[in-house]
1. So if each residue of separation counts as 0.36 nm, and I subtract the Cα-Cα distance between Phe211 and Asp197, what length gain in nm does that give?
2. Show the residues, 5+ positions off or on another chain, whose built amide H is closer than 5 Å to the amide H of Thr173.
3. By how many degrees, 0 to 90 and rounded to 10, does the Cα axis of helix 120-133 deviate from the longest principal axis of the chain?
4. Would any residue of region 151-190 have its amide N under 18 Å from a label point 7 Å out along Cα→Cβ of Arg79? List them or say none.
5. Applying the Karplus parametrisation 6.51 cos²θ - 1.76 cosθ + 1.60 with θ = phi - 60° to the phi angles of region 195-208, what ³J(HN,Hα) value in whole Hz is obtained for each residue in order, glycine and proline being reported as x?
6. Which one, Gly54, Leu95, Pro27, projects farthest toward the positive side of the charge dipole computed for region 15-108 from Cβ point charges (K/R +1, D/E -1)?
7. Given a cut-off of under 8 Å on Cα pairs at least six residues apart, what relative contact order in percent is computed for region 100-184?
8. Please report, in debye to the nearest 20, how large the charge dipole of the chain is about its Cα centre when each Lys and Arg carries +1 at its beta carbon and each Asp and Glu carries -1 there.
Amino acid sequence: MTTERAVWICGLHTNTIGWKDLLWGDPEQQQLGSLPMAILCALNHGLKSVAFIGMGSGASHRSDGRAEADAVRELLLLRRDELIEFDAIRDHRELADRIGQSRLDELLDAAVTDTSSQDPQQEIAAAARLATAHNVTSIALVANGCLAPDIARQVAMARCASIIPGHQTWSVTPDHMALADTDPSSTLIFTHPHRGDDRLCSAELRPHEVFGGFFRLNLKNQAYLLECTRRFIAKHGA
């Protein structure tokens, strides 16, 4: 059996509002959270080609002290029998016989966790090391729909820093879920001005250079900057 692929569930801070629901999804609406989406990725890859399913990280802990990744794995194993409530999984051709079902059980039982990483770059490095150890050449990362754009950015950063081996290809798959009271359109990324017809290319300051420091401000100054920006845009915006 040739195993060249892996599926990785990106960490989700345990204090995230609706943590369990975000990870699992909504079977009634057939909206897959990161856990069932990861299983669907494995099924679509072909279970025989998947070396492992992994998850991070150690950046947060439950109230009982259990690390984030271990808590995610626990939830997946606890609700594994409920995966068939998602039509895309229940009706998948990979699960048409006992061989496929048995292989999925093996992958679930052997799911690996990274509890040492404290940020996305460390988590990507941990996943890359595991992939190398298992001779995996292709990794599918699964993340919350609102967080997936930043995960793609983190992968690009890791690639530039040579954290990801050159022979490995990585992809990011967003799940169907969004953070509380929002949707994926709320995720903003300020791209470096790069088009010849973009007047910001010659500007002294670029958005990403200024707003990159927002989260280094204290809460009071963050609120002040947001209110000033809101008023300025309301007055001068088209």
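1. Working: separation 14, 0.36 × 14 = 5.04 nm, distance 2.25 nm.
Roughly 2.8 nm would be gained on extension.
2. Leu141, Val142, Ala143
3. 30 degrees
4. 174-181
5. 8, x, 8, 8, 5, 5, 4, 9, 6, 5, 10, 10, x, 5
6. Farthest along the dipole direction, towards plus: Gly54.
7. Values: 83 pairs, mean separation 28.1, N = 85.
Here the relative contact order equals 33 percent.
8. On the way: 23 positive and 30 negative charges, 166 e Å.
Rounded to the nearest 20 debye, it is 800 debye.
FYI, it's all coordinate maths here, none of it is from the lab. Treat the numbers as computed from the prediction; the structure is a model and nothing was measured. Note that we place each Cβ from the backbone using ideal geometry, even for glycine, and neighbour counts take in every protein chain shown.
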